[in-house]
Every structure is written in C-alpha cells, then in structure tokens.
Amino acid sequence: MTYSPAGSRIVVGVDGSAASDAAVRWAVREALLRHATVHLVSAYHSDSRQRAQYVPSSWEAPQEEHSAAAEALVAATMELARRSLPPGRLTAELANEPPARALLARAAHAELLVLGTTRPAPRPGQPPQAMGPVARACLQLAHCPVVVVSADDRSVRDLTAGQGEQDAASRQAARGSSAGT
C-alpha cells in the first residue's frame, strides 16, 4: 500500500462532462489508496477581451451567470466525490481564469493532476486521437504526474456501480443553464 505524506493532494479538473466525472471517480479511488485529499478545480473564463472578434457581444453571458453555473457544477461534483471520501479529504474551488493556467497553478505542489478526456480509448492497432488544448498544456507543463482518464474506461465506470451516468446528467443540466455562453 502506498502512503502519502500529510497534506498530499490530488488535483482534478472538473467541467461537468462524463469524462470529468470519470476523472473524479478515479481520483477519489486513488486518494483513498494514498490517503490524500482531493481538490476539485472548475475553471471558467469570463474575460471578454479574449473572445473572438466575430462573436457578437450579445452572446456573452454576464459574469454572474458564469459564476452561478460554475458554482452549481462544483456543488454537484462535490456530491459525487463526497460519497466515497472521509470527511475533511475533499476541497473545491472556482477559478476565473483560463482552465490550463488554473489547473497548472493548483497542481504546482500536488501529488497528481487528474483530467478527463472525451476522446475514445484507442482500439488495438489504431493510433490515439489528439488531446484537447487543456490536456496538452497540462501534459507538457505540469510539475507533477498527469493522469488522463477516458469516460469510456470500463474500470472507472465500475467504481460507482452505475452512478456515473446519473451524476453526469445532473452536472450536464447545471452546465446547460449556461450553454449559450
């Protein structure tokens, strides 16, 4: 059994997707094995200066909507993780900054960074599909090991005996309230 020093933590990027739920379930299982804390990070970025010039400003949701949707998402994800973790071993935060920057900063002194990916697991003999920009940045720049979990990984789905789809649906509904953003 691996035992981690006091204060060790596993940082997990959450966005309400099924892949994010799989990452949370994987991180919870690993935290139990390592006696570590799980730190959930949901990053949303509402800086209008970084939107594409061709996107009408009327499509932008107010800062309060971004924040409220992110808070609902984190609350639902915390409920998923809290089911299996002992009290005091779960923290969460909202970060109003680009996701890769937020995750890298929070993982600077972490034991692991865990991310979900929507890309399907590669079939035997087939090359894997490309990672998204956040996962690529974290894999290249993180100062700790990065674990990328696929939503279709059967071993991760089995960790919660079917809870994953319900949890993803509730978080998707929370995220859907800001889908126009």
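No value in this document is a laboratory result; all are computed from the given coordinates. Everything numeric here is computed off the predicted structure, so don't read it as measured data. Glycine gets a Cβ as well: all are built from the backbone with ideal geometry, and neighbour counts include every protein chain shown.
With the simple model of a label 7 Å out from the Cα in the direction of the Cβ, H45 to R101 spans 0.7 nm. Under 1.5 on a/c is rounded, so check that first for the range 82-124, then, if it is not, pick prolate when a/b is larger than b/c and oblate when it is not; a ≥ b ≥ c are the square roots of the alpha carbon gyration tensor eigenvalues. Cα axes put the range 82-124 in the oblate bin. In this rough spin-label picture, where each label sits 7 Å from Cα along the Cβ direction, the R29-T91 distance is 2.6 nm. For D15, the residues whose modelled amide H falls within less than 5 Å of its own, excluding neighbours fewer than 5 places apart on the same chain, are S20.
Around the amide H of A95, modelled in the peptide plane, lie the amide H atoms of S42, A43, Y44, all under 5 Å away and 5 or more residues distant in sequence or on another chain. For the pair R123 and E65, a Förster radius of 45 Å applied to the C-beta separation gives a FRET efficiency near 0.65, rounded to the nearest 0.05.
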